Amino acid sequence: MVSKGANAECAVYSNLKRATVTLADPSEYAKRNDPLWPLDMERLLVHELLHIPIRAFQPDEDEPERYGAMEQFIEVCASSLVSLSGYQRCGKNRESFRDKSMGKL
Ligand SMILES: [Zn+2]
């Protein structure tokens, strides 16, 4: 279960070389109905996984500008990776995929 208001979380245990990613239940996510962050479980998972290598450079949460910049960086990377993955899955229809996905990043 994720913390209240969170869509997903990642707990990193560097000394154990392990991490736990928790995603909100899709039904709970749907109840929030946030138009800015439509449900995309793949993007959420990639976002949380990107927190693992970036953790070594993560600013403290009491540095909101730097923390926010890190979150934006992770989100851009996650969206790009998911978009690229979709592009590669399209095979012959890559031109169509590119046309449809323009503006989603
Ligand atoms: Zn994040």
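The values are calculated or read from the model by the stated rules, or taken from the named source; none is laboratory data. In this text, all values refer to a predicted model and were calculated from it rather than measured experimentally. Note that we place each Cβ from the backbone using ideal geometry, even for glycine, and neighbour counts take in every protein chain shown.
What to note about this one:
- Residue tally, condition at pLDDT 85 or above and in contact with a Lys or Arg (Cβ under 9 Å, 6 or more places away or on another chain), over region 59-105: 8
- Counting only helices (runs of 4 or more DSSP H) that sit wholly inside region 1-93, those with at least 1 residues that are among the basic types (Lys, Arg) and within 15 Å of the ligand (Cβ to nearest atom) are 41-54, 64-89.
- Enumeration of residues in region 1-24 that are in contact (Cβ under 8 Å) with a residue 12 or more places away in the chain and out of contact with any Leu (no Cβ under 9 Å at 6 or more places or on another chain): 1, 6, 12, 14, 22
- Looking only at residues in region 2-48 that are exposed (fewer than 12 other Cβ atoms within 10 Å of the Cβ) and in contact with a helix residue (DSSP H, G or I) (Cβ under 9 Å, 6 or more places away or on another chain), the one that is nearest to residue 79 (Cα to Cα) is 26.
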